[in-house]
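Mind having a look at this structure? Questions to follow.
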Amino acid sequence: MTLSRRALLGAAACSTLLSRRLRAATGARLKIGLLLPYSGTYAALGHNITDGMKVAAAEHGGKLGGREVEWVAVDDESDPAKAPANVNKLIAGEKVDILTGPVHSGVAMAMMQIVRQENVLTIVTNAGAQAVTGTLCAPHVFRTSFSNWQVSYPCADVMLKAGHKRAVLMFWNYSFGQESMAAFKEGYSKGGGAVVKEIAVPFPNTEFQANLSEIAALKPDAVFVFFAGAGAAKFVKDYADAGLQQKVPLYGSGFLTEGVLTAQGAAAEGIKTTLHYADALDNAANKKFRESFKKATGRDADVYAVAGYDTVNTLAQALGKVKGDTGAGKELIAALEATRLDSPRGPFRFSKAHNPVQDIYLRQVKGGKEVVLGVAMKDAEDPAAGCKMGK
Amino acid sequence: MSFSLVALQLINGVEYGLLLFLVASGLTLVFGVLGVLNFAHGSFYMLGAYLAWWLSERTGNLLLAILVGLPAMALIGLLVERLAIARLYLRDHLAQVLLTYGLVLLFNELQRALWGNDVHGVATPRSLSFTIPLGEAQTWPAWRAFTALCCIAVAIAMRQVILKTRFGMRVRAGASNAEMVEALGIDVRRVFSVVFSAGTALAGLAGMLAAPLTTVYPGMGESVLILSFVVVVIGGIGSIKGAFLGAMLVGIADTFGKVLLPGFASAIVYAVMAAVLLWRPRGLLGPAFEGR
Amino acid sequence: MRRRILLLAGALALGAVAFSGDRFWLQFLGKAMIGCILAMSLDLLVGFTGLVSLAHSAFFGLAAYALAGVTNRLGLVNPLLTFPVCLLAAAAAALIIGWLSLRATGVYFIMVTLAFTQMLFYLFNDSPALGGSDGLYVAERPVDSRAAAYVAIWAALVLAYLLLARILRAPYGRVLEGIRGNEQRMRSLGYPTRRYKLVAFVIAGALAGVAGYLDATLYGFVNPAQLGWRQSGLILVTVLLGGKGTLYGPALGALLLAFIEHYGERVTEHWNALIAALIIAVVLFLPRGLAGLVEGGRRA
């Protein structure tokens, strides 16, 4: 006897659907799965995203859609090799209602593979890989953070306006860096800029001396880079040490300085970056959020915490509309798509591909602090190449 | 590439190599003399860096932090040797690899518990915060020059101690035939303890010197560990001279590889190691001590 | 006898799970059993031949990538076609890497295997054409249902065990153990020891390739993180935990590690420290691992 795979999956989906609706109806707890790094180099991000979510949950009295929240966290260690097992731990093992995460795009790719087959509502809280709301987009997948295109494309215009027509690109050679550079080049060449050289550094290598010597010899108008975390801290310091800080203006997406500004010290002075958030944003939601976050955790909020915060607020809004019924399928998705938030980052809503449509800010480091110079691109919407939804 | 660029890259390569040498020297010493494969060596590098950060925050001076941190690292090395490493002298390579691997996991958790997940910058002392111009395009921070000088000084000091002192003689003897040495009435155990302690301190020093350059972050010992193994193996286990040669080779190959063959840059170092081993299965300068 | 009963019971229990239909356990135990295959095949080298290889994960990953390659580029899906190809790829790689690595001995051998593992890792990690650090999807898996994949893995595990046990009982296996004990003596007795070691290396590598093929079948996802020294190190850990040189011990070690990794997180956030403590304790106090506990008592 052979059962078609479709039939089997259909049966499985139905049973989970039914059990979810049953659990929703009886007011059972809302299980939110967290696939995030709590150890290793990205642990700080994992903790901030989680705490951002918890701060938002507390603001709603610990209940979303009338159901009490139960957090189920799995340390993904930013290890794509363990990702499928970890995702299954949450979806099949713990049977979470909603899956959130991850940070690392390799883990996200593994997650998307599984999530697209199971019918679990998934909210990507950091990984900016284009494919998530591009070729792999799906009705039950949303992203509350950013896409790599969004945080890089606007910088091209910024640099052109400042008169930098010859640029050198330097980046970690994996998807995040590659997509950032592709987006930048798209905008830069459109505006008549010329890329003198592209320096791809193997990820996560942090020995930059050889390449910095190259840049010094090339004498470009400006340099656009992608690095993040400790690597970004080292890069900025090495850049200054090589005497380039005063000679060649440095630009990048906000990850160049996020979370590592204090570590970079004076070396970061003058760096301009584009990002969908800045600590210094002057709106009521941001002030309130930063205060609550600091009170709850003793740490300062950052762009990662905001993603967590907005994730839970989005869920609160949508689940409120469907009275907590996570099995409500189409209604829940429609509710999510209709989300409108006054986020700490500014006005927040989803595009048709379920990526945030948001303002991208131009920031500069002045006096050791990130200062907002203005909006680099209003209502930036990821082109969602390859996504067949809503088209 | 213009001549000046080549010269610049050479300086980059040598400087990188010198720091690698500092880390690798401790590893090759422990490996050669004690016969122990110490995977936790990278953790000592990390501990040194974190200590440098933590102490310089409290005292306000990195040099002072290093002066205080060095004996602290030596003490840690002593403790680890007595408690864990000493039990590995009679065991095989697998046991050594795995025990020290377990120590790595433990040290990682310790670091997280004590100092958290964030990235921290370490400020160089005022006296060494200037830059030296290298040609018209680039400058070289004084701290890097200072680090390079320290590494050279350590290399010379090690050579003197091993070749010209009584203690060095005991070290060489103990490595070549520990039982005989013990039969002659010399406490080999003490020699081993001191050597391991020194190895730990060397790794720690490297971490402390590198801290302002790399910033301090969780897991920072891993990449350094693998590279120092490569250096040790290329140079020949137990040979300080070999470690120096190997480090220079790795530093320069890596630097030029990045510029000339960017697609294969990461693999180059390993390709070099494989090539060296296939040509000279015991490393460039062979094992300095027999019987390993 | 005690051992035989334990093994039979274990195999039957694992096989029975195939009928449970539980999505989680099928996937979890499937992955654990893949770990068992890896552990046992590594034990052939570590426990019986005395070769500590860090290249094991390379063959695992290579076969997985080979599947992704033939399926995505050549459109081959049928396991009867894809399996031999991937197996051959892993075996060929093991032949080349083994031939080159075995020119070195002792710790140098370990380092050369490390070098090759890292080179392969960077080959896949740094090439966007090969998927880069994000990895690749396998467009269509050789077997579709999870239950079928589980049965395939279970069958492979049983067959691998029987094969390895057979090899080790045969004269060839005796020679391997002789080499582990004293290679020079075996050479003076006229045995071409390097050839024997190479054959063992290829067999182990091929089995690691089988595990890689099955892993890609189970998840449909391959990633460079599966290669590299960290994964190899984990396999070594399972061999140690289970007890090297016993063949079934490492399989137990793999199961144990899988369970600890799964439940350890519930116990504490610092579950890595738990694993570390376990490893250290086993090395120091339980050198014969789990198998030592099973065999019981002291053996002369």
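Values quoted throughout were computed directly from the atomic coordinates according to the rules given, and no laboratory measurement underlies them. Just so you know, these numbers come straight off a predicted model, no measurement behind them. Here the Cβ is made from the backbone with ideal geometry for all residues, glycine too, and neighbour counts use every protein chain on show.
Any idea which of B:Ala175, B:Ala148 is in contact with an Asp or Glu (Cβ under 6 Å, 6 or more places away or on another chain), in contact (Cβ under 8 Å) with a residue 24 or more places away in the chain and buried (at least 18 other Cβ atoms within 10 Å of the Cβ)? If you could, list the steps in order and put the result at the bottom.
On the way: B:Ala175 fails: in contact with an Asp or Glu (Cβ under 6 Å, 6 or more places away or on another chain).
Selected residue: B:Ala148, the only one of B:Ala175, B:Ala148 that is in contact with an Asp or Glu (Cβ under 6 Å, 6 or more places away or on another chain), in contact (Cβ under 8 Å) with a residue 24 or more places away in the chain and buried (at least 18 other Cβ atoms within 10 Å of the Cβ).
Go through the stretch C:246-300 and give me each residue that's under 27 Å from A:Asp76 (Cβ atoms) and acidic (Asp, Glu).
C:Glu261, C:Glu265, C:Glu269
Could you tell me whether any residue of the stretch A:313-323 is surrounded by fewer than 15 Cβ atoms within 10 Å (Cβ to Cβ) and more than 20 Å from the chain's Cα centre (by Cα)? Walk me through how you get there before you give the answer.
Kept after step one, since they are surrounded by fewer than 15 Cβ atoms within 10 Å (Cβ to Cβ), are these residues of the stretch A:313-323: A:323.
Now narrow it down to the ones that are more than 20 Å from the chain's Cα centre (by Cα): A:323.
Yes, some residue in the stretch A:313-323 is surrounded by fewer than 15 Cβ atoms within 10 Å (Cβ to Cβ) and more than 20 Å from the chain's Cα centre (by Cα).
Please go through the stretch B:108-138 and pick out each residue that is surrounded by 22 or more Cβ atoms within 10 Å (Cβ to Cβ) and closer than 30 Å to C:Val107 by Cα.
B:Asn108, B:Gln111
Considering (1) within 14 Å of chain C (Cβ to nearest Cβ); (2) closer than 20 Å to A:Val248 by Cα, say which one A:Ala156 fails and leave the rest.
(1)
Hey, another quick one. Looking at (1) touching a helix residue (DSSP H, G or I) at 6+ places or on another chain (Cβ under 7 Å); (2) within 14 Å of chain B (Cβ to nearest Cβ); (3) crowded, with 16+ Cβ neighbours inside 10 Å, can you tell me which one C:Leu252 breaks?
The one condition C:Leu252 does not meet is (2).
Select the helices (runs of 4 or more DSSP H) contained entirely in the stretch C:53-155, then report the ones holding at least 1 residues which are free of Cβ contacts under 8 Å to residues at least 12 places away in the same chain and farther than 25 Å from A:Thr135 by Cα. Talk me through it step by step, then tell me what you get.
Values: elements: C:56-74, C:79-101, C:106-125.
Ranges flagged: C:79-101, C:106-125.
Could you grab me the full set of residues in the stretch C:20-35 that are within 13 Å of C:Ser145 (Cα to Cα), at the interface with another protein chain (Cβ under 8 Å from one of its Cβ atoms) and either under 20 Å from the mean Cα position of the chain (by Cα) or small (Gly, Ala, Ser) (or both)?
The one that is within 13 Å of C:Ser145 (Cα to Cα), at the interface with another protein chain (Cβ under 8 Å from one of its Cβ atoms) and either under 20 Å from the mean Cα position of the chain (by Cα) or small (Gly, Ala, Ser) (or both): C:Gln27.
Now for a separate question. Of the residues C:Glu265, C:Glu269, only one is among the acidic types (Asp, Glu) and within 12 Å of chain B (Cβ to nearest Cβ); which? Before you say what the answer is, go through the steps one by one.
Working: C:Glu265 fails: within 12 Å of chain B (Cβ to nearest Cβ).
Result: C:Glu269 is the single residue among C:Glu265, C:Glu269 that is among the acidic types (Asp, Glu) and within 12 Å of chain B (Cβ to nearest Cβ).
Here's another thing I want to ask about it. Of all residues in the stretch A:186-215, which are among the hydrophobic types (A, V, I, L, M, F, W, C) and over 13 Å from A:Leu250 (Cβ atoms)?
Within the stretch A:186-215, the first condition is being among the hydrophobic types (A, V, I, L, M, F, W, C), and the residues that meet it are A:194-196, A:199-201, A:203, A:208, A:210, A:212, A:215.
Hits for the stretch A:186-215 are A:Ala194, A:Val195, A:Val196, A:Ile199, A:Ala200, A:Val201, A:Phe203, A:Ala210.
Follow-up question, since we're still on this one. Answer yes or no as to whether A:Arg290 is of a type in the set (D, E, K, R), free of Cβ contacts under 8 Å to residues at least 60 places away in the same chain and surrounded by 19 or more Cβ atoms within 10 Å (Cβ to Cβ).
Against the criterion (of a type in the set (D, E, K, R), free of Cβ contacts under 8 Å to residues at least 60 places away in the same chain and surrounded by 19 or more Cβ atoms within 10 Å (Cβ to Cβ)), A:Arg290 qualifies.
Among the residues in the stretch A:231-241, are any at positive phi and out of contact with any helix residue (DSSP H, G or I) (no Cβ under 6 Å at 6 or more places or on another chain)?
Looking only at the stretch A:231-241, we keep the residues that are at positive phi, and these are none.
No, because not a single residue in the stretch A:231-241 is at positive phi and out of contact with any helix residue (DSSP H, G or I) (no Cβ under 6 Å at 6 or more places or on another chain).
Turning to a different aspect of this structure: Given the conditions (1) more than 23 Å from B:Leu8 (Cβ to Cβ); (2) in contact with a helix residue (DSSP H, G or I) (Cβ under 8 Å, 6 or more places away or on another chain); (3) charged (D, E, K, R), which single one is not true for A:Lys287?
(2)
Being facing chain C (nearest Cβ under 9 Å) and closer than 11 Å to B:Gly246 by Cβ is the filter here; which residues of the stretch B:273-286 pass it?
Scanning the stretch B:273-286 gives B:Met273, B:Gly283.
Among the listed residues B:Leu106, B:Leu10, identify the single one that is in a helix (DSSP H, G or I) and in contact (Cβ under 8 Å) with a residue 24 or more places away in the chain. It would help to see each step written out before you state the result.
Values: B:Leu106 fails: in contact (Cβ under 8 Å) with a residue 24 or more places away in the chain.
So the residue among B:Leu106, B:Leu10 that is in a helix (DSSP H, G or I) and in contact (Cβ under 8 Å) with a residue 24 or more places away in the chain is B:Leu10.
Additional query: Can you name the residue in the stretch C:106-121 that is more than 7 Å from chain B (Cβ to nearest Cβ) and over 23 Å from C:Asn223 (Cα atoms) and is also surrounded by the most Cβ atoms within 10 Å (Cβ to Cβ) among such residues?
Filtering the stretch C:106-121 for residues that are more than 7 Å from chain B (Cβ to nearest Cβ) and over 23 Å from C:Asn223 (Cα atoms), the one surrounded by the most Cβ atoms within 10 Å (Cβ to Cβ) comes out as C:Phe109.
Counting only residues that are surrounded by 24 or more Cβ atoms within 10 Å (Cβ to Cβ) and aliphatic (A, V, I, L, M), which one in the stretch C:224-235 is farthest from the other protein chains (Cβ to nearest Cβ)?
C:Ile235
For the stretch A:213-250, what are the residues that are in contact (Cβ under 8 Å) with a residue 60 or more places away in the chain, surrounded by 24 or more Cβ atoms within 10 Å (Cβ to Cβ) and within 20 Å of A:Ala183 (Cα to Cα)?
A:Phe224, A:Phe226
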